[in-house]
Amino acid sequence: MAELQEVQITEEKPLLPGQTPEAAKEAELAARILLDQGQTHSVETPYGSVTFTVYGTPKPKRPAILTYHDVGLNYKSCFQPLFQFEDMQEIIQNFVRVHVDAPGMEEGAPVFPLGYQYPSLDQLADMIPCVLQYLNFSTIIGVGVGAGAYILARYALNHPDTVEGLVLINIDPNAKGWMDWAAHKLTGLTSSIPEMILGHLFSQEELSGNSELIQKYRNIITHAPNLDNIELYWNSYNNRRDLNFERGGDITLRCPVMLVVGDQAPHEDAVMADSGGQPQLTQPGKLTEAFKYFLQGMGYMASSCMTRLSRSRTASLTSAASVDGNRSRSRTLSQSSESGTLSSGPPGHTMEVSC
């Protein structure tokens, strides 16, 4: 209560000499976010309440990085390994981050009552403007995984002027066909909800290997106190509509897009996948490097430091140069393409990355 009273007093103070109302509003917002580092906020939307967590302070003329997680996860279990990675720190120092939790997925969320109508993925996308309005953010760079990638893509189609770029990991833009539905129903007869969700998040090869990572996430999902809520989110994902966009078509994403797929994913060639691999968990170094190049292609972080992965590649290529200069040059160009420097194309370009 003491903190709330202090904020109220600050708001009632007159503007400083020469300070515009817009500047005062921005200063007030920055102060509020500074006070609430890592604290969750909730805002009411036409489709229910949505919870999000803000880190960092807004930077002038820079978008916020807004993340949306996959089914069976929340923002921490989906993105914490990536954003805590050493080389990612330079990025998060340059952008404010907004981590959105799908309704009922946040830590400590109560279980929805029986018969609760969970929002569709389209409706979840329509909640995002309420979050941005609350924070007074005008544009974002979206980072989504699986269901979260679909939600951000839908939001970008509906609100293209507010999205400067998208990082879409393991996105499947298509609705389930009849064969998919039959397979899903058959699987549901023999597998539990946690096992079906794990089959969505990871490949069969990964699940069979039963690594420490798989054991960790199997335990998280199987013993989740909000498992009933997770099932509702899972059902909404399985009832998604086609996004109906195609490159060069009338319905397409107007912003730069980085498509990312795990190397265990079944549709790697198209860089569109419904399951298999979680590169933000298993390959945070590669994803961080690609993300830096992507941001540079958008005109941000031009003086960004090289990642450890880039430094190791550069050292290797420099050594090779003493043996064969021409071969070194060709390898450097190949490595640059793989690392994402091709992202510096025109607006609306697509960068594809396999991790």
Restricted to the range 52-65, and to residues that are in contact with a Phe, Trp or Tyr (Cβ under 9 Å, 6 or more places away or on another chain) and not in a loop (DSSP other than H, G, I, E, B), which residue is surrounded by the fewest Cβ atoms within 10 Å (Cβ to Cβ)?
Y55
List every residue pair whose Cβ atoms lie under 8 Å apart, where the two residues are 6 or more positions apart in sequence or sit on different chains, the first residue falls within the range 190-203 and is more than 12 Å from T222 (Cα to Cα), and the second residue, located anywhere, is aliphatic (A, V, I, L, M) and assigned to a loop (DSSP other than H, G, I, E, B).
H200/V71; L201/V71; L201/L73; S203/A265
Among the residues in the range 99-117, are any within 25 Å of Y134 (Cα to Cα) and among the hydroxyl-bearing types (S, T, Y)?
no
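Please state which one of T314, T307 is crowded, with 23+ Cβ neighbours inside 10 Å, modelled with pLDDT under 60 and more than 17 Å from the chain's Cα centre (by Cα).
Just one listed residue meets the conditions, T307.
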Across (1) closer than 20 Å to V260 by Cβ; (2) not in a loop (DSSP other than H, G, I, E, B), V71 clears everything bar (2)
For the range 245-261: of the residues being modelled with pLDDT of 75 or more and touching a Pro at 6+ places or on another chain (Cβ under 8 Å), which is most open to solvent (accessible area, probe 1.4 Å)?
R254
So, G115, is that one surrounded by fewer than 18 Cβ atoms within 10 Å (Cβ to Cβ) and on the phi > 0 side of the Ramachandran plot or not?
yes
Could we say that Y68 is in contact with a His (Cβ under 9 Å, 6 or more places away or on another chain), modelled with pLDDT of 95 or more and within 17 Å of L132 (Cβ to Cβ) here?
yes
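Working only within the range 207-223, note down all residues that are in contact (Cβ under 8 Å) with a residue 60 or more places away in the chain and of a type outside the set (S, T, Y). Reasoning before the result, please.
In the first step, residues of the range 207-223 are kept if they are in contact (Cβ under 8 Å) with a residue 60 or more places away in the chain; the result is 213, 217, 220-221.
Selection gives L213, I220, I221.
The values are calculated or read from the model by the stated rules, or taken from the named source; none is laboratory data. Source: prediction; values computed, not measured. In this analysis, Cβ positions are derived from the backbone assuming ideal geometry, glycine residues included, and neighbour counts consider all displayed protein chains. These accessible areas exclude ligands, DNA and RNA; they are computed on the full protein's heavy atoms, side chains included. Shrake-Rupley method; radii C 1.70, N 1.55, O 1.52, S 1.80 Å.
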